[in-house]
Structures are given as C-alpha cells and as structure tokens.
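In what follows, a single structure is set out as structure tokens and then discussed.
Derivation of every value follows stated rules applied to the coordinates shown; laboratory data play no part. Just so we're clear, the structure is a prediction, and the values are computed from it rather than from any experiment. Note that each Cβ is placed from the backbone with ideal geometry, even for glycine, and that neighbours are counted across all protein chains shown.
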Amino acid sequence: RQDLNFGQVVADILCEFLEVAIHLILYVREVYPSGIFQKRKKYNVPVQMSCHPELNQYIQDTLHCVKPLIEKNDAEKVVVVIMDKEHHPVERFVFEISQPPLLSIRFASSFSVKSNWGVFLITNRSAETLTGGQKKRCCSFTVLVHTRDAATRNMEKVQVIKDFPWIVADEQEVHMKEPRLIPLKSMTSDIVKMQLYVEERAQK
Amino acid sequence: AAGGAYVLKPLMSPPSREEILSTLMDL
C-alpha cells in the first residue's frame, strides 16, 4: 500500500515541477506576451508563471493526464516542443525520467528532492543564453509524452479527462533532423532521476 | 516510435499567442 502511495507522491512532485518548468520555458522563449506572466517564488527561486486562466488550465489538464503515466513509471520522457509559425519544431526541452525500483525506496526521503529543484530551474533558465538565437521564431508549443513499452497498449491511461483526448504525435514533432544537443542538467535523488537536455534545430 | 513505445500528445492545441492577446484586450 505504501508503494502505491509512493508512486502518487513521485507523480505529484514531478508534475508540480514540470508545471513550473513549462511556464518558465514559455516565458523565456517568448511564446506568449510577457504581460501574462508574474514573478513568483518556487523552490526558493524566482520564476515567471502565467496568470492567464486559459493557458494555465491547458497546462494543468495536460499534466493531469501525464500524472498517471508517471505514477506507473510508464513515462520515459516528457518533452516540451517549441514550434515556429509553420508548426515545425524549433527546440525540444526533454525531461528524461527514470525511477528506481519501488522496493528499494525509503518513503520518508521523497520530500528531500524538493530542495534540489531550485538548482534545476536555474539551469533550465540558463537555456536562454545557450539557445537564445532561436527565440524570435517561437510561436507555439506542445507537450509530448514518450511512453515506455509497458504503456503502449494503455492509451486510456492518459485520457483521464473526458474532453481532453490524446493522440499519437506526428513524426515531424517527435524527431528533428540533425539537432544540436545541449545537456542542461542531470539530477538524481532517492526517488527519481531526471535528465534535462535541449534538442535545437540546426540553424539554416 | 522506437522500441514499440508511443509518443503521445494532446489532441487540442494550447491557446495561440493571438488568442491570448485578444483576451488581454477584452479585459
């Protein structure tokens, strides 16, 4: 029973973090007007969060559907894809998730992970300086979930909100031709290992 | 997709920059 709850705790913590990260990426990449963002403090770090209800609801609905996959360790990667006017990917922020076997985990240590997120976010923010050349072309975004094999027959797991259906992503959104790979941060804790890197479209 | 796994995405797109701008003007 404790292991079951543990999966939920991991998913809650990760989704809370992913929500902050998505807001920050959208702000840094100027996908939306800066006026809809407000400065907040998360994980002891100043971040920018949208205060637009429609956008916030979309992000929350997306992560609400991702959560069961993380809970069951069925999500291998969560990817925030930034796209240009033609809906071609400009950048892919890849959050690669792996969890240790549940039985080896000390439940009480799960909360210590939060203190590490701040560093992760700062590094995330530094992506601006690394890949700022792409900024002007960012027009929209989508969130992709790469499932593990075990989840391939469980599309219904992700369709937990009635009016928020999921589909298999187009090939052009999933792969970029000869991307420049920028590793940003790797973080390991007792409960989860997360690696963040950016795939950037080659400059023409 | 590689390894027999799926890559999934929401069917609905997020609000566009233009939609967000128009709602800001309404306020």
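General remarks:
- Extension gain from A:LYS39 to A:ASP163, taking 0.36 nm per residue of separation minus the Cα-Cα distance: 41.5 nm
- Among the listed pairs A:LYS72/A:LYS177; A:LYS39/A:LYS157; A:LYS177/B:LYS9; A:LYS77/A:LYS185; A:LYS162/B:LYS9, those beyond 23 Å (Cα-Cα): A:LYS72/A:LYS177; A:LYS39/A:LYS157
- Kirkwood radius, the range A:156-204, all distinct C-alpha pairs, inverse of mean reciprocal distance: 14.2 Å.
- Once both labels are positioned 7 Å from their Cα atoms along Cα-to-Cβ, the gap between A:LYS72 and A:HIS88 label points is 3.7 nm.
- Spin-label pair B:ARG17-A:GLU54: with each label point 7 Å from Cα along the Cα-Cβ axis, the two points sit 1.6 nm from one another.
- Within the shell defined by Cβ-Cβ distances under 14 Å, the residues around A:ALA169 carry a net charge of -1, with Lys and Arg each +1 and Asp and Glu each -1.
- Based on Cα atoms of the range A:14-91, Rg over Rh with Rh as the Kirkwood radius reads 0.98.
- With the convex hull of the Cα atoms taken as the outline of the range A:1-50, the averaged projected area works out to 3.9 nm².
- Only one residue of A:TYR43, A:HIS88, A:SER98 has its Cα farthest out toward the positive end of the dipole of the range A:40-99, where Lys and Arg carry +1 and Asp and Glu -1 on Cβ, and that residue is A:TYR43.
- Under a model in which nothing but the beta-carbon of Lys, Arg (+1) and Asp, Glu (-1) is charged, the range A:1-93 shows a dipole of about 340 debye around its Cα centre.
- Short-range pairs are left out: with C-alpha atoms under 8 Å and at least six residues apart, the relative contact order of the range A:1-101 is 23 percent.
- Computed label-point distance, nm, for sites B:LEU24 and A:GLU96 using a 7 Å Cα→Cβ extension: 3.6
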